[in-house]
């Protein structure tokens, strides 16, 4: 367990994502979310953009709301002061809850950050959200947001992070760690970008997994969450996948194994702009 940001609750480093979860078998997706909860994956992330994911999450957590650290997101096109509040109300209704544990700006849009921050603070004061953060913000965006909001306000930054896309390690993670901001890795297995089994990286992952009685994707999750500031939210389409993700919580990589993965899946140069999906 680790603290979610400077002031947040303690959570397992692995949670549950829901992007595209509504496009598979609904019964299987519901069972996956519930199985994840049973196994300690209590951080559930969704968004108003994710189609029918919010109603699906509502069904999955019915009767178990107090077990869940529930996160949703407002679209940039709705992120004016009044629009953010209205979007939050809609998400609360779809999720059938009276509060969100954290509410994020999905990515930066044309509305002034000061408007969105004012809405977030109004929602906090009303008890409708317990904290707020952002998604897809680079270090420059975070610095600007910090100047507006002040210290201790930004709970997290949710960003793309997987073995073949490690750009956030350059400046985003260091900035977040310096300011007590949690980093949440979305798409931690990549979007059709996981190392192929016959590649050098894929063979290394298999070797390390074999040494631990684990699976390559569990090794990937352990590597990505090796720093205490980082959380990951893989999606699971069925209960077996949820159990596989949860099993990664017990996996501890040695420094030698971490170094080997670092060399097989190199960081690379810092890109001109933050990668996102």
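No value in this document is a laboratory result; all are computed from the given coordinates. Remember, it's a predicted structure, so these values are computed and weren't measured experimentally. Cβ: placed from backbone, ideal geometry, glycine included. Neighbour counts: every protein chain shown.
Of interest is the spacing of the C-alpha centroids, which for segment 64-133 and segment 251-271 amounts to 35 Å. If I compute Kirkwood radius over Cα pairs in Å from the structure I just sent, which labelled value in [x] 18.0; [y] 18.9; [z] 19.9 lines up? Structure-derived value, by its label: [y]. Against the chain, whose longest principal axis comes from its Cα atoms, helix 113-125 is set at around 80 degrees. Summarised in one figure, the compactness ratio Rg/Rh of segment 193-269, Cα atoms and Kirkwood Rh, is 0.95. Taking the Cα atoms only, what angle lies between the long axis of helix 139-149 and the longest principal axis of the chain, rounded to 10 degrees? Taking the Cα atoms of the chain, the angle to 139-149 is about 30 degrees. Between 0 and 90 degrees, the angle of helix 200-212 with respect to the longest Cα principal axis of the chain falls at about 90 degrees. Ranked for footprinting exposure by Cβ neighbours inside 10 Å, fewest first, 244, 45 give 244, 45.
Nearest 5 is fine: what % of DSSP beta bridges in the chain come out antiparallel, could you say?
Rounded to the nearest five, the antiparallel share is 10 percent.
The calculated Kirkwood hydrodynamic radius for segment 130-277 is 16.1 Å, given to one decimal from all distinct C-alpha pairs.
Using alpha carbons only, the radius of gyration of segment 229-271 set against its Kirkwood radius gives Rg/Rh = 1.08. Reported value for segment 1-149: 108 Å³ per residue, from the convex hull of its C-alpha atoms. Considering only beta bridges that DSSP places wholly inside segment 1-134, some 15 percent are antiparallel.
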